[in-house]
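The values are calculated or read from the model by the stated rules, or taken from the named source; none is laboratory data. Everything quoted here is computed from the prediction, not taken from an experiment. FYI the Cβ positions are ideal-geometry reconstructions off the backbone, even for glycines, and counts take in every protein chain you see. These area figures cover heavy atoms from the full protein model, side chains too; ligands, DNA and RNA do not enter into them. Shrake-Rupley method; radii C 1.70, N 1.55, O 1.52, S 1.80 Å.
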Amino acid sequence: MKKNRIYLAAALVLAAILGTGVWSFVRGVSGQLWATSIRTITETTHQGAMTLNLQFEADFDMLEVIRESLDQAGTSQLEDVLKLINVAEPEVMVYLDGGNSLRPDVKPDQKVWEALEELEKQKEAAREQTGEGAGRNAAGQGPGAGTAYDGFAKGVLDAHISSVTGEHVFNIFVRGVLQSGEEIWLVKEYSTREVAERFTLTFYDKTGFSYLVDRSGEIMVRPAHRNSNKTVSGLFDMLDEEGNEEPVVEDFQASIYDLRTGWARFKAGGEQQVFSYEPLKAGSDWLLVSVIPEHMIRAQTNRILRRTMMFSGTAVGLILTLTVIFYGTKMHENQVYTRKLKEALDAADTANRAKGRFLMDMSHDIRTPLNAIIGMTAIARENAADRGRVEDCLDKIQIAGKHLISVVGDVLDMSQIEQGTLMLREDNFLLSKIFGEVTGSMARRGQEAGLAMEVVPVQLEHDSVTGDSSRIRQILFNIMDNAVKYTPAGGSVVVELKETGQVLEGRAGYCFRCIDDGIGMEPEFLKRVFLPFERARNTTSSRIAGTGVGLAITKSLLDLMGGTIYVDSAPGKGSAFTVEFSLEVPEQIPETAEDPGTEKEPRDYGDKRVLLVEDNELNMEIAEELVGIIGVQVEKAYNGQEAVDMVRESPEGYYDLIFMDIQMPVMDGYEATRQIRGMDREDVGGIPIFALSANALAEDVQNSLEAGMNGHIAKPVDLESIERVLGQVF
């Protein structure tokens with residue numbers, strides 16, 4: 001009997017200890033999960049604000065470049081600068097004193113000018129003040145309430161209904177002065193709807209949303225989702241009068257007004273809500289504020305807790321019925337589970353940081369050639385009489401432009417790869433010719449960088465192949481480009497292309513190798529080398545140019561082709577890339593696979609007539625000049641309807657070729673092509689029609705072909721592309 005009482009007492013003590021342990025465990029895990037949820041919300045809000053910041057800062061830089069061009073332009077140059085603005089940045093307005101537009105083709109927004117006038121009054125008032133208040137701008141209501149900075153030189157105007165379009169918009173502005181002494185304001189407009197779709201965030205199954213508010217709490221941009229709060233105009237209007245302590249609300253209002261970063265809990269809409277706020281800082285007094293129902297955060301925490309309790313309860317029952325060892329095993333399983341959750345969170349955080357670095361690198365890589373283009377244009381303009389200097393500037397502008405196209409092409413390729421829309425073409429070509437073109441170009445770059453490049457002689461049994469020649473060229477270029485960039489002066493690069501094995505099912509196998517003795521890669525980075533947006537630390541610290549998507553694009557292209565890529569590398573010893581792929585071998589060697597050394601005789605196209613269809617005057621001037629160089633007769637139409645009318649009114653066989661823009665007023669290029677093809681005359685089915693468009697994705701090319709066009713040339717257009725089409729058609 002006494003022994004039974006001892007067992008009972010021991011069981012009660014053990015139960016009490018276990019109960020206390022379970023309670024402590026649940027409390028600790030609940031606190032950690034809550035803290036993790038808050039960190040995730042605040043970090044997501046920070047990332048959203050940073051993304052919008054980058055957009056604003058890039059647009060401010062763009063306005064500053066335009067301002068400098070207008071400030072420096074004389075009366076004779078002002079019209080040319082305005083034409084460039086109309087082409088490069090058509091959404092930018094230039095306001096003169098009095099509210100008139102320096103661009104008479106665009107109607108000014110009267111409300112924007114009223115806001116700028118209000119800022120002008122505040123500037124004058126600030127000049128008259130002395131002491132602490134001098135130079136400061138008081139917040140107000142409506143357009144213009146945003147805080148200007150840099151001496152009222154630039155800033156953000158609050159949201160309002162546009163007097164021109166009737167849409168809800170807000171604007172950023174930069175002030176400038178013409179050589180005549182007249183003040184101007186450069187203004188870029190944003191649609192709040194588009195900003196909401198791109199930059200506002202949603203949380204917890206679309207029960208929480210983010211808002212853009214000014215320092216007074218007025219909502220500037222709200223989410224478009226139907227579940228978001230559309231009944232209040234101000235952030236503080238969400239807070240219930242009862243249930244929130246007044247000092248806490250006042251401290252929250254002060255935090256918003258002082259543009260601080262943080263989070264708080266309030267009763268709003270009859271329930272507890274978590275408010276996370278982050279200032280934008282990009283020339284505005286705006287903040288990104290995320291509002292999430294607390295019960296959704298708790299619900300997620302409780303789900304994890306319930307799972308944890310199930311494991312814990314099972315563990316306790318098994319401990320009481322089996323052994324302490326089994327309890328230890330379950331604890332080990334829980335630790336593994338927790339570690340995996342942490343690894344998943346770390347992986348997501350790493351991906352976010354990589355994309356953030358990609359945005360910064362992309363901003364740098366785009367602005368660098370843009371700076372060269374704008375700077376060299378200004379230098380050429382100042383040295384117009386010096387032909388040698390102008391030609392040097394033009395060469396550098398062309399180099400910078402090609403680099404910019406390459407950067408944009410990488411981004412488009414990566415976007416298509418992620419969306420699964422990238423398609424491969426099929427054409428006939430000589431593989432050795434592609435290899436020779438790429439190695440020749442890279443050899444010149446290597447020589448300029450002080451490298452020794454060895455190209456192993458190519459001997460291919462099956463040289464004429466069928467496949468996507470541009471993508472093969474891109475794969476070879478990306479790998480050799482990395483070798484040249486990451487090999488210091490005095491190093492060497494060896495490249496080799498050879499055929500492997502026999503032809504199987506009409507396809508021949510090929511192996512390409514690129515070996516360098518450059519900086520090499522760390523073993524840890526080798527695991528991520530083919531992931532998008534990844535760059536090794538030693539490349540970012542040395543500022544080697546690149547967006548971190550080249551090898552990812554190469555890997556994806558090889559996956560589409562059924563090929564493989566391997567890399568062997570060590571720090572300080574260099575890298576060796578091996579690419580294996582197969583290409584279809586045609587039964588008969590096509591006539592299009594010409595000998596690279598064959599010289600073509602010049603052709604006379606003076607009797608050929610080409611119709612150019614382009615709505616943009618500057619683009620029309622460029623296209624007319626490029627086509628005219630070839631020696632053909634050129635006629636022009638400025639929209640699709642004009643082109644249809646000109647073809648209909650011309651004799652049969654009058655036009656030998658049509659270059660057709662896509663996006664045009666009155667009638668676009670697709671509809672114009674369909675109407676031309678549908679005319680009741682014999683020649684329209686045989687007139688070659690080629691798209692000449694800035695729409696450059698694979699789906700754009702497919703749309704052009706489906707509309708009845710013969711081919712697609714992506715802008716920017718060069719003389720080589722025009723000559724290639726004319727040679728193909730004529």
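Some observations on this one:
- Each pair of Cα atoms in the stretch 47-100 enters the Kirkwood radius, and Stokes-Einstein at 25 °C and 0.890 mPa s then converts it into a translational diffusion coefficient of 194 µm²/s.
- Point-charge dipole on Cβ atoms (K/R +1, D/E -1) for the chain, about Cα centre, debye to 20: 4940
- Low-density loop cleavage sites - GluC sites (Glu not before Pro) in the stretch 221-314, where at most 15 other Cβ are within 10 Å (DSSP): Glu241, Glu242, Glu245
- Residue ranking by accessible heavy-atom surface, 1.4 Å probe, largest first, among Tyr190, Tyr204 comes out as Tyr204, Tyr190.
- Fraction in percent of alpha-carbon pairs per bin - 10 Å, the stretch 595-730: 12, 46, 33, 7, 1
- Positive dipole terminus of the chain, leading residue within Val26, Leu8, Val156 (C-beta point charges): Leu8
- Take Tyr654: with every protein chain present and a 1.4 Å probe, its accessible area is about 70 Å².
- The stretch 604-657: relative contact order as a whole-number percent, Cα under 8 Å and 6+ apart: 47
- Restraint check, Lys107/Lys188; Lys111/Lys188; Lys154/Lys281; Lys396/Lys636; Lys111/Lys154; Lys433/Lys573, Cα-Cα greater than 19 Å: Lys396/Lys636; Lys433/Lys573
- Normalised alpha carbon radius of gyration of the chain [divisor 2.2 N^0.38 Å]: 1.21
- Estimated at the nearest 10 Å², the accessible area of Ser216 is 50 Å² with a 1.4 Å probe.
- Under the convention that each Lys and Arg Cβ holds +1 and each Asp and Glu Cβ holds -1, the size of the dipole of the stretch 674-730 around its Cα centre is about 80 debye.
- Charge dipole (the chain, unit charges on Cβ, about Cα centre) - positive-most of Pro488, Ala452, Met667: Pro488
- Lys111 contributes about 80 Å² of solvent-accessible surface, heavy atoms of the protein only, 1.4 Å probe.
- Dividing the Cα radius of gyration of the stretch 383-486 by its Kirkwood radius returns 1.06 for Rg/Rh.
- The stretch 641-711: projected area of the alpha-carbon convex hull, averaged over directions, in nm²: 4.3
- Dimensionless Rg over Rh [the stretch 208-320; C-alpha; Kirkwood]: 1.15
- The helix-only estimate of mean residue ellipticity at 222 nm for the chain, built from DSSP H runs of length n ≥ 4 each weighted as -39500 (n - 2.57), is -16500 deg cm²/dmol after division by the residue total.
- One equal scatterer on each Cα of the stretch 1-127, no solvent, Debye formula: the resulting log10 I(q)/I(0) at q = 0.11 Å⁻¹ is -0.68.
- If you sort His225, His160, His168 by accessible surface, 1.4 Å probe, largest first, the order is His168, His225, His160.
- Full-stretch length increase - Thr20, Ser470 - with 0.36 nm per residue and alpha-carbon distance subtracted: 155.2 nm
- Taking all protein chains together and a 1.4 Å probe, the residues Lys123, Lys527 rank Lys527, Lys123 from largest to smallest accessible area.
- Contact order relative to length of the chain, as percent, for alpha carbon pairs under 8 angstrom and 6 or more apart: 7
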